[in-house]
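**Student:** Mind having a look at this structure? Questions to follow.
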Amino acid sequence: MKILLVYPEFPDTFWSFKHALKFIFKKASTPPLGLLTVAAMLPEEWEKKLVDINVSSLSDKELVWADFVFISAMAIQKDSVLDVISRCKEKGIPIVAGGPLFTTGYQDYPDIDYLVLNEAELTLPEFLEDLRNGHPQRIYTSDKWADIKTTPIPLWNLVNFKNYASLAIQYSRGCPFNCEFCDITLLCGHAPRTKDTNQIVTELESIYRRGWKEGVFFVDDNFIGNKKKLKDKVLPAIAGWLKQKKHPYTFITQASIELSDDEELMQKMVAAGFDTVFVGIETPNAESLDECNKFQNRNRDLLASVKKIQHSGLQVQGGFIVGFDNDPLSIFETQIRFIQNSGIVTAMVGLLNALPSTKLYKRLEKEQRLLKDTTGDNTDFSINFIPKMNHDALIKGYKQILDTVYSPRFFYDRVKTFLREYMPQNHVARFRCRSLGALFKSIVLLGIVGKERFHYWRLFFWTMFSRPRLLPMAVTFAIYGFHFRKIAEKYV
């Protein structure tokens with residue numbers, strides 16, 4: 001059996017880092033962890049190939065080679081998904097699809113032959129058994145949650161590491177919270193399910209032995225869902241492995257804001273090589289946090305919480321949303337002020353959209369406020385419901401945020417705020433600007449011909465004399481800023 005695993009293309013967004021990746025001569029941020037894990041669950045004797053369309057185009061020769069095409073995707077990839085489906089149908093190649101896009105919206109894809117939904121650990125074996133017996137069903141679903149201690153190591157030999165800026169590892173699934181707009185609990189449940197400590201160390205060892213030398217992204221939606229296990233077992237084991245290997249990696253992950261309440265946990269994360277954490281801050285407006293059930297962000301000084309995490313040695317990347325029913329007209333200035341004061345360099349600001357099957361989607365449907373399906377991109381000025389705020393005012397205010405926080409003056413001021421307050425550990429303050437080529441390219445594109453050249457050199461020399469260990473980080477942030485501005489200019 002010949003299996004072609006296809007990962008559809010992401011559009012060019014803030015999240016793609018497309019313009020930043022060019023500085024380090026990479027084609028995509030991370031390889032498709034889900035498809036590589038599914039590949040490891042398929043019979044060993046089957047032939048397997050992976051085409052990540054973010055890295056290389058999908059050729060007719062590859063399609064004709066395949067007995068089946070396996071697709072996994074998120075909502076933002078749907079345009080590319082439709083193109084892949086069309087090409088497969090044209091050539092008569094059966095499609096097996098799974099992942100978030102299809103699990104919550106499989107009704108929209110009548111041309112797909114087999115839908116293996118929910119978690120592959122549960123539904124893929126049933127499909128494979130039926131396929132062996134000659135009577136596969138069209139849809140496989142499960143209302144149970146998988147034991148991810150049984151999840152195999154991804155089939156890394158299917159990818160060329162040189163194309164990617166980082167690799168991805170998953171330690172846990174599920175989130176204990178219940179944010180109205182989020183589909184994580186729908187897809188992965190409330191109770192955090194974790195892998196064993198030995199599994200994580202083995203997965204790290206697997207990429208180390210294959211020669212990986214860049215960063216690693218723990219893709220957990222809330223890495224700190226089980227704090228006790230992290231502190232007692234997992235983080236000490238990772239720290240010990242890193243020390244033994246002389247700290248080959250730094251790690252990035254995602255966590256909720258109450259990380260700031262646990263000094264020991266932050267210290268152990270930093271000791272285990274974590275230097276960056278993405279936090280869903282969403283909004284400083286208390287009424288909007290109440291509205292979306294973001295109770296973990298309530299009754300706290302969000303700005304102080306961010307500062308506390310950054311002082312511990314963890315850079316905070318932040319997610320922000322505008323468009324809540326309770327957002328006042330002042331929310332745009334409030335968001336700008338918070339982002340600037342926080343020193344959150346990577347501030348991802350998006351419009352609220354209702355993802356299929358979420359509590360928000362069901363509420364808006366009941367209120368007859370839904371307009372259309374979401375594009376999956378909350379930064380493209382599309383919104384799939386009727387907002388309480390005047391639509392034109394909302395779009396204008398959102399443009400104001402993007403035009404401000406990604407402008408050279410505001411962006412570089414924010415970088416300086418962060419670098420002034422950041423307290424990295426010795427092994428974390430490594431050379432983060434990936435190559436001398438990236439440095440020279442930044443000097444040419446940002447320091448000589450770029451509109452931000454004055455801000456670039458002011459930051460460069462300030463960092464060189466004030467915090468010289470962080471100069472590579474400053475250059476990396478300047479490259480990020482270039483990408484953010486390119487995307488903002490395209491939209492605004």
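The values are calculated or read from the model by the stated rules, or taken from the named source; none is laboratory data. Just so it is clear, the structure is predicted and the values come from calculations on it, not from any experiment. A quick note on method: Cβ atoms are made from the backbone with ideal geometry, for glycine too, and the neighbour counts reach across all protein chains shown.
**Student:** Answer with yes or no whether Val277 is in contact (Cβ under 8 Å) with a residue 40 or more places away in the chain, closer than 22 Å to Gln170 by Cα, in contact with a Gly (Cβ under 7 Å, 6 or more places away or on another chain) and not in a loop (DSSP other than H, G, I, E, B).
**Tutor:** no
**Student:** Any idea which of Cys188, Cys182 is in contact (Cβ under 8 Å) with a residue 12 or more places away in the chain, crowded, with 17+ Cβ neighbours inside 10 Å, more than 20 Å from Lys149 (Cβ to Cβ) and out of contact with any Ser or Thr (no Cβ under 6 Å at 6 or more places or on another chain)?
**Tutor:** Cys182
**Student:** Considering only residues that are at pLDDT 95 or above and surrounded by fewer than 16 Cβ atoms within 10 Å (Cβ to Cβ), which ones fall in segment 335-362?
**Tutor:** Across segment 335-362, the qualifying residues are Arg337, Asn341, Lys362.
**Student:** Residues in segment 262-274: is at least one among the β-branched types (Val, Ile, Thr) and at pLDDT 95 or above?
**Tutor:** Yes: one or more hits.
**Student:** Something else about it: Look through Lys49, Lys89, Lys78, Lys61 and report the one residue that is of a type in the set (Lys, Arg), surrounded by 15 or more Cβ atoms within 10 Å (Cβ to Cβ) and not assigned by TED's automatic domain parsing to the domain that holds Tyr361.
**Tutor:** Every option except Lys78 fails the conditions.
**Student:** What pairs come out if I take residues in segment 344-365 that are not assigned by TED's automatic domain parsing to the domain that holds Ile309 and pair them with residues that are at pLDDT 95 or above whose C-beta lies under 8 Å away, six or more apart or interchain?
**Tutor:** none
**Student:** Limited to segment 16-46, what total is found for residues that are surrounded by fewer than 17 Cβ atoms within 10 Å (Cβ to Cβ), at pLDDT below 95 and among the hydrophobic types (A, V, I, L, M, F, W, C)?
**Tutor:** 1
**Student:** Next question. Among the listed residues Pro110, Pro31, Pro43, which satisfies the condition of being in a loop (DSSP other than H, G, I, E, B), within 20 Å of Trp156 (Cβ to Cβ), of a type outside the set (Asp, Glu) and more than 21 Å from the chain's Cα centre (by Cα)?
**Tutor:** Every option except Pro43 fails the conditions.
**Student:** Give segment 225-251 a look and list any residue that's within 30 Å of Cys179 (Cβ to Cβ), touching an Asp or Glu at 6+ places or on another chain (Cβ under 8 Å) and not hydroxyl-bearing (Ser, Thr, Tyr), or say none.
**Tutor:** Matches in segment 225-251: Lys227, Lys231, Phe251.
**Student:** Within segment 418-427, is even one residue hydrophobic (A, V, I, L, M, F, W, C), at pLDDT below 95, under 25 Å from the mean Cα position of the chain (by Cα) and closer than 15 Å to Phe324 by Cα?
**Tutor:** No, segment 418-427 has no match at all.
**Student:** Another question, then. So for segment 332-343 (the condition being of a type in the set (Lys, Arg) and part of a loop (DSSP other than H, G, I, E, B)), does at least one residue qualify?
**Tutor:** no
**Student:** So Val96 passes all but one of these: (1) assigned to a helix (DSSP H, G or I); (2) free of Cβ contacts under 8 Å to residues at least 40 places away in the same chain. Which condition number does it fail?
**Tutor:** (1)
**Student:** Okay, next question. Taking Thr30 and the conditions (1) farther than 23 Å from Leu128 by Cα; (2) free of Cβ contacts under 8 Å to residues at least 60 places away in the same chain; (3) β-branched (Val, Ile, Thr), which numbered condition does it fall short on, given that it satisfies the others?
**Tutor:** The failed condition is (2).
**Student:** I'd like to verify a number: residues in segment 279-330 that are at positive phi and crowded, with 18+ Cβ neighbours inside 10 Å, how many?
**Tutor:** Residues in segment 279-330 being at positive phi and crowded, with 18+ Cβ neighbours inside 10 Å: 3 in total.
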